[in-house]
1. When you scan the stretch B:86-102, how many residues do you find that are under 20 Å from residue B:170 (Cβ atoms) and part of a loop (DSSP other than H, G, I, E, B)?
2. Do the conditions hold for residue B:102, that is, is it crowded, with 20+ Cβ neighbours inside 10 Å, within 14 Å of chain A (Cβ to nearest Cβ), touching a strand residue (DSSP E or B) at 6+ places or on another chain (Cβ under 8 Å) and more than 18 Å from residue B:5 (Cβ to Cβ)?
3. Being in contact with a strand residue (DSSP E or B) (Cβ under 6 Å, 6 or more places away or on another chain), surrounded by 22 or more Cβ atoms within 10 Å (Cβ to Cβ) and touching a residue at least 40 places away in the same chain (Cβ under 8 Å) narrows it down to one of B:93, B:118, so name that one.
4. Taking the stretch B:152-162 on its own, how many of its residues are more than 14 Å from chain A (Cβ to nearest Cβ) and either buried (at least 21 other Cβ atoms within 10 Å of the Cβ) or in contact with a strand residue (DSSP E or B) (Cβ under 6 Å, 6 or more places away or on another chain) (or both)?
5. Only residues that are closer than 15 Å to residue A:12 by Cα and assigned to a helix (DSSP H, G or I): list them for the stretch A:136-157, please.
6. Mind checking which residues of the stretch D:277-298 are buried (at least 24 other Cβ atoms within 10 Å of the Cβ) and within 8 Å of chain B (Cβ to nearest Cβ)?
7. Test residue A:268 against the stated conditions and say whether it is more than 9 Å from chain C (Cβ to nearest Cβ) and touching a helix residue (DSSP H, G or I) at 6+ places or on another chain (Cβ under 9 Å).
């Protein structure tokens, strides 16, 4: 059993940490929010007064933070985690951030002789609770093998995307594509329904044809077609419009920086951004179909 | 064994007709191009001097024509097929056309007491040769059951999309979505490669994640990732840019007519149109990735 | 003074007809709505019981109808205007319709030996009332010269766009560009304000720089920048979102038919369409800025 | 007469510096490229061995550099200009950069007690040579008044956009709008020509109608319509595709950071980016019409 420091106990981080505890590991936990620390403490973790405090005797450090600046602050700034981490420990940042920050932090880790992985996840809150997350991992193959036992407790699929930062790049590309195919699937369903087709019949046809994609398989945006999808529950839960907008923004910044043409990805960002501004930032991202149907005002 | 009239013996129609002959049916065939008629004649069909002539004693009439005006002409105009078809015959139009024309022809068939199906296909020339096409069928359930034995010779999946015209609507929606997801997949792969990822690794990750779609599964647009895909064969063969542009145009006309918002679908049409104008109309539609990479001039 | 038949007495047609009456012409008027006929009758026109009746002794026939099918019906269908018009009369259709219908009607006129102009207008209801409309005219130069005295009563600028249908094409192109520049101007103003700029100052700078355009000159979409603009009056009056959406739809149909790539025009159509579906169809078209700001739900 | 340090002597900076010399000012000049320094030396400037050297006794410091990192380096990094500038001197950065860098440098200047203006220009190389540039200025009104005499030598229009960074914001918004209206104007002209209109006639109509904009007035993208425009000279000279792509990229970064929906601006960036990748980065930006026409491969 390992000593694990877990930093960042939000909607995703808390259940991930709990799964590690259930698997028998000793966790030292920290979050800016004292109530979050207290809850994990009740689940068997040792509360820490600061990030520095949490990592003091850790063999593994796992972080799950909101954005790039938080990760930079945690490891290199006020949090001072990089300096406080014992030699030989493995650093695993599971936050979704820009690749440049991921690379900068990994470089700093290397300079201190520590191995670091960027390992953003997909699968949402349910995946975190059920231990079925997907990890897209950047860093050395050696570090990945060292981290594998912990990834396998928290998730189901572990992909090695490449060197440092590659996990972030893979997630950004995947989520840009996800934003595009959810919007495109919504357009296709709306266009069929407007011409008299049953959305369930059309979904079934496209799912088995060349329009087939993840949204049609497990996350149909049309209300009533798929009982378990957020679309059939008032677009509550799931992956929020604001999170999708943030991920599409990361993709746009990368597209500008690398001089890549991303017409559909850019457009998806603006559509999600307008949808969010119209008051739907907290709904599931499949609600983009409502934006297109004109129901954002209802 | 049935007497079948087959009208339209192009790249798709010819192998479809041959499969019916191989299954033992008696075919009377017609095409504007005498050489096409001659070739089918060599394969065992009876050549007809005109569409009217072909349908004279048919139990089933199958047509596979380039666009709406040809279908209208064939059945209601000069071709005069509707008037010349014997009572009780089943009409099956497999052309990809606008739903309005499909409905108009089906209505005229109904007025003459004939049952008619619109049954556009997907699966390309290979699907036609191998008898593995997908049919998206509009019309009554009774007509569909009557046509099923013939569909099953020419194809593998037979979907009942709804009443007359619904087959065309389903195909239009599917192909609009296909144009979007091929372009979006291209953008995601380009964005990853520009940041140092291996396109095969990134494809593998997205295929198993929420970006998963038909293009990643069987038709990867990045050269070298999938040996059997057109991308690995200089974008030769497959489904052409000009055909995708035509299908996206049909979708745009329907979107305007039904007051549907289709931002990504509309954009995909303009991108494919520009790609075609740049001289790539004859390439496989997955070559849109080259348009985005700036290689249209090479 | 001429005998003029005026068909179509809506928001635009009625004031156009009144200006002709004020200039001393004898008008015979018809509209499907009897109250509209009655109002013009009160202004000095002779009411007609049908379009055929109206044109019986006309030297000039002017029509102002909602869409292509109405124009076709009026001249070639039930309205029977083409047959009922005396030899030598000039036909002027001021409706905004698709160019194909305009050309079809003009061809029919030519076959009857009548000269016909397509002459869609811009300038809105105020332009119609004040006699300051712009006419974009398609047809022969001879016909245009014959119609000029009447155009000059109803409008200020008369452009000869080309042969039959060219007036419609010119208007379609202009209005597509207008939809683009109004949306683009809205984006630029929003982007500046989000970064702390005063919208009036930014408008003033762009107006005198390379971003200068008609919207900044006379129709600023940002509330409060221009007192006389619809933006400062709750987006009431002016040129409606639904009319802009219709015009963008005509442009899309032409783009598909002529294989033209129109990425921004197509996108503008979908944005205006979604804006309309969100309940803003009756607002002035400069309200697209609110759609982008997320205020469609307020 | 003032002592002016001028840093950055490229295509724009060199003629701006020459105009200041012609007006009688004493210039000390620096550029990374020794030949550029030598040329200005021949025109009467005092060559400096470094930026620090150049500003040693300056009353005014003017910089014209390629991008944000260069400006940061010049003033705050290796260039060390901020520390080396005498008390009381006015700093004027005329580079086109992101507003955040402009604000950071201005803040550093304020901490040293120096006044600083961000003053990006429009008007191109010809404007720089002829002293007819437009300056969009951010900073205090007092600093602007102090800088006015120098702006008036180099340019014709001087706009006060707001506080520090506002000049950059105004230019970014203007140029995003410019990219949109140039592309939109190209689409409208192509759509008209495809339907038989003369591009010159259509341009003339739209210029005087609601589609009127700067491109139609002075920079028509259609070859042959306007003799003096780059379009009539093989798209040589003018404002390059790569520069427009860069400016649109700055706008996208700001849109992501401020959560602004910019669908047309984002799309314009991707179109210009693809156009550049297709080998047209060095052509004038009005050549986007060729990209849409499919002539990028010719």
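1. Of the residues in the stretch B:86-102, 5 are under 20 Å from residue B:170 (Cβ atoms) and part of a loop (DSSP other than H, G, I, E, B).
2. yes
3. One residue alone meets the criteria, B:118.
4. Matching residues across the stretch B:152-162 total 1.
5. A:151, A:153, A:154, listed by residue number.
6. D:278, D:291, D:292, D:296
7. Yes: the conditions hold for residue A:268.
For every residue, the table says whether it meets (1) surrounded by 23 or more Cβ atoms within 10 Å (Cβ to Cβ); (2) touching a helix residue (DSSP H, G or I) at 6+ places or on another chain (Cβ under 7 Å).
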position: B:189; (1), (2): yes, yes
position: B:201; (1), (2): no, no
position: B:211; (1), (2): yes, yes
position: B:221; (1), (2): yes, yes
position: B:242; (1), (2): no, yes
position: B:262; (1), (2): yes, yes
position: B:275; (1), (2): yes, yes
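The values are calculated or read from the model by the stated rules, or taken from the named source; none is laboratory data. Please read all numbers here as calculations on a predicted model, not as lab measurements. Cβ sites come from the backbone with ideal geometry, for glycine too, and all protein chains shown count toward neighbours.
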